[in-house]
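**Q** Mind looking over this structure? Questions follow.
The values are calculated or read from the model by the stated rules, or taken from the named source; none is laboratory data. Owing to the predicted nature of the structure, the values given are computational and were not obtained by experimental measurement. Reconstructed Cβ throughout: ideal geometry from the backbone, glycine too, with neighbour counts over all protein chains shown. When the accessible area is computed, the model is the full protein with side chains, heavy atoms only, and any ligands, DNA or RNA have been set aside. Shrake-Rupley method; radii C 1.70, N 1.55, O 1.52, S 1.80 Å.
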Amino acid sequence: MNRTKQLIDDTLELKESSDPNLEKSIASIDTVAQSAWELVDTGNSELRITDQFNIECDTERTSRLLENLFRNAVEHNDGPVVIRIGIHHTMTQTTRGKTETAFFVSDDGCGIPKEKRDTVFELGETESRTGTGLGLAIVNRVADAHGWNLRIIESPDGGAKFIFNHVDIQ
């Protein structure tokens, strides 16, 4: 019964996450992340905000995006993980204007193999027997609704690093 409820909740969330009508405001990443963290059973895992910054976003959907990333990191690793959020610094050709247009969410878990990084956002894609396979699809759709580009690389700690580009960081 619990799995059925989770599947229904995730399906509804997937539908809502694709809606292009966003209620954007300026929000502290720390506030949004802490709010999302409280909604996930994180066990002994730890959240570290490495940079303080504000982003223009739909805070409710961004919170859901973070919840799904946190849940994914915790559930797909055997022990506690450290999850970090910060500004992803990119190289730029220009000397004018702001250059911080990306942030990251990373963990020190087992990571996502390079050959699977293109498929993890597909509906139903999961390696968990209890997962719905919709969590990262929701993350991708929320990013798309905001106009953010999303990619995955290996984190410096060997886990997964999700990078969100084209974000209005303030």
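**Q** Taking residue 92 as meeting all but one of (1) at pLDDT 95 or above; (2) surrounded by fewer than 14 Cβ atoms within 10 Å (Cβ to Cβ); (3) closer than 16 Å to residue 166 by Cα; (4) not charged (D, E, K, R), write down the number of the exception.
**A** Tallying (1) at pLDDT 95 or above; (2) surrounded by fewer than 14 Cβ atoms within 10 Å (Cβ to Cβ); (3) closer than 16 Å to residue 166 by Cα; (4) not charged (D, E, K, R), residue 92 fails exactly one: (1).
**Q** List every residue pair whose Cβ atoms sit under 6 Å apart, with the two residues 6 or more apart in sequence or on different chains, where the first one lies in the stretch 29-43 and is closer than 21 Å to residue 76 by Cα and the second, anywhere, is open to solvent by less than 60 Å² (accessible area, probe 1.4 Å) and of a type in the set (Gly, Ala, Ser).
**A** 36/63
**Q** Open to solvent by less than 70 Å² (accessible area, probe 1.4 Å) and either modelled with pLDDT under 95 or under 15 Å from residue 146 (Cβ atoms) (or both): which single residue out of 29, 49 fits that description?
**A** Within the list 29, 49, the selection yields 29.
**Q** Looking only at the stretch 129-165, filter to residues that are out of contact with any helix residue (DSSP H, G or I) (no Cβ under 6 Å at 6 or more places or on another chain) and modelled with pLDDT under 80; which one of those is surrounded by the most Cβ atoms within 10 Å (Cβ to Cβ)?
**A** Among those that are out of contact with any helix residue (DSSP H, G or I) (no Cβ under 6 Å at 6 or more places or on another chain) and modelled with pLDDT under 80, it is 131.
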